[in-house]
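Shown next, in structure tokens, is the structure this report addresses.
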Amino acid sequence: MNNFKYTNSNKRYHTLDYFYKEKFKNKICKISLNAGFTCPNIDGTVGFGGCIYCSKTGSGEFAGNKFDSIEKQFTEIKKVMTNKWPNAKFIAYFQARTNTYAPVEDLKRMHDTVLKEKDVVGISIATRPDAISDECLDYLEELNRKTYLTIELGLQTINEKTSKLINRCHSLECFKEMVEKLNKRNIDVVVHIINGLPYETKEDMLNTVRYLNKLNIQGIKIHMLSITKDTPLEMLYKSKEFHILSKEEYIDIVIDQLELLRAEIVIHRITGDPKIEDLIEPQWLTKKFCVLNDIDKEMVKRDSYQGKNL
């Protein structure tokens with residue numbers, strides 16, 4: 001019998017769907033937008049070339065067309081979602097690249113555009129911890145009073161050796177300081193991590209989660225490393241072929257990570273979702289729902305649940 005507190009289904013972890021239904025009493029859909037941002041790790045402000053796994057779309061594979069206006073992107077994607085969920089409400093997700101890396105007035109103009117749309121209940125902003133100025137923090141605090149705001153920060157790993165290898169170009173201390181600054185302004189923080197980074201051990205991946213569990217974060221996105229075409233990671237893999245986690249290894253690691261996370265932390269994502277035509281490895285990522293189902297089955301088999309080992 002599943003006695004996990006934060007669930008309304010067979011899930012043994014705190015799903016985003018459960019969180020939204022409890023908070024908004026409604027079906028919530030996220031609309032992924034591409035505002036055409038760049039990144040300080042691409043243009044030379046903090047580094048060149050970006051993180052080695054980052055695709056040419058800047059992790060915005062499923063966002064709108066950057067050549068369309070925000071309004072047009074939002075309207076077109078909303079129409080598709082409304083056909084499936086007629087009574088849904090929406091969160092505008094600024095996804096591609098670094099979405100606070102612009103003048104505050106530009107950010108405000110974009111956010112005001114989506115906030116005018118009917119049934120928008122929140123905004124989610126994907127960014128880097130080194131790309132939020134004090135002026136931007138003031139604005140985000142103001143925005144958080146208008147709507148439900150979530151800031152998504154890419155950490156990926158706490159291992160500094162791996163951080164250098166993947167060319168993350170910000171320190172762990174920088175990340176921690178930004179989490180604390182956002183905490184002080186009562187803004188929800190969601191952290192991205194990646195399992196299977198080159199040469200990392202299972203213990204490295206568990207240590208990243210142990211570290212995050214001690215911080216005041218509200219959510220986490222767990223990704224499997226995907227090697228995609230036309231990235232520095234593809235070149236590294238072809239020149240120095242490193243171990244790619246099998247589906248079984250990934251499931252084992254994820255479940256152990258979940259057991260180390262506080263039950264109230266929302267699991268926004270539990271596997272990767274790469275574009276199939278760009279994916280080189282691992283091919284098992286193309287069967288997302290099989291991975292999700294296998295995680296559920298293995299958790300039942302182990303009598304596992306989020307927070308079990310705390």
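A short reminder: the numbers here are calculations on the coordinates, not readings from a lab. Computed from a predicted model, the values in this text were never measured in an experiment. Using ideal geometry, Cβ is built from the backbone for each residue, glycine included, and neighbour counts are taken over all protein chains shown.
Assorted remarks:
- Toward the positive end of the charge dipole of the chain, with +1 on the Cβ of Lys and Arg and -1 on the Cβ of Asp and Glu, the farthest Cα among 47, 124, 205 is that of 124.
- Under 21 Å of direct C-alpha separation, and excluding same-chain neighbours fewer than eight residues apart, residue 288 reaches these lysines: 11, 30, 84, 221, 229, 247, 275, 297, 301.
- Note on 19, 48: ascending count of other Cβ atoms within 10 Å places them as 48, 19, the fewest first.
- Binning all Cα-Cα separations of the stretch 16-302 at 10 Å, short to long from zero, yields these whole-percent fractions: 6, 28, 38, 24, 4, 0.
- The dipole here belongs to the chain: it is taken about the Cα centre, uses +1 on the Cβ of Lys and Arg and -1 on the Cβ of Asp and Glu, and is about 940 debye.
- Within a Gaussian network of the chain (alpha carbon springs, distance under 10 Å), most fluctuating of 159, 293, 65: 293
- Taking the DSSP bridge list for the chain and keeping only pairs wholly inside it, about 10 percent are antiparallel.
- Too-long pairs where the Cα-Cα distance tops 30 Å, listed order kept, from 78/146; 89/308; 78/202: 89/308; 78/202
- Förster-model FRET efficiency, 51 Å R0, residue 75 and residue 238, C-beta, rounded to 0.05: 0.80
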